[in-house]
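Below is one structure, written out as structure tokens; the observations come after it.
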Amino acid sequence: MRSANYLRGKTPVKLVYFERFRSLKKAMKREWQIKQWSKVKKEALIRGDTALLKKTIVSRLRSKLQSRAKSKDYSPERSRGKN
């Protein structure tokens with residue numbers, strides 16, 4: 001098992017958070033999702049700080065919406081006349 005080899009020599013390891021899933025596929029999907037999070041967000045999950053988790057979700061959505069709005073401002077018609 002690769003994970004057992006990875007953890008060998010990295011002791012002591014302490015389990016601080018876990019979730020149960022009915023299928024391996026769902027568990028792996030959740031693991032990937034959490035691995036993409038920032039350290040601050042992972043620590044909030046471990047502490048059970050739902051307020052901070054919600055705050056990070058809202059700020060991430062806000063930044064996505066802002067970047068989409070900026071990309072919609074670009075118009076190919078505007079750039080054609082500059083050549």
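Observations
- With both labels modelled 7 Å from their Cα along Cα-to-Cβ, the Arg60 to Glu19 distance reads 1.1 nm.
- Scaling the Cα radius of gyration of region 7-73 by the globular reference 2.2 N^0.38 Å produces a ratio of 1.47.
- Positive dipole terminus of region 7-73, leading residue within Ser63, Ala27, Thr11 (C-beta point charges): Ala27
- Candidate lysines for bridging to Lys14, where Cα separation is under 18 Å - those fewer than 8 sequence places away on the same chain excluded: Lys35, Lys39, Lys42
Every number here is computed from the coordinates shown, using simple stated rules; none is lab data. Quick caveat: nothing in here was measured; it's all calculated off a predicted structure. Note: ideal-geometry Cβ built from the backbone for every residue, glycine included; neighbour counts use all protein chains shown.
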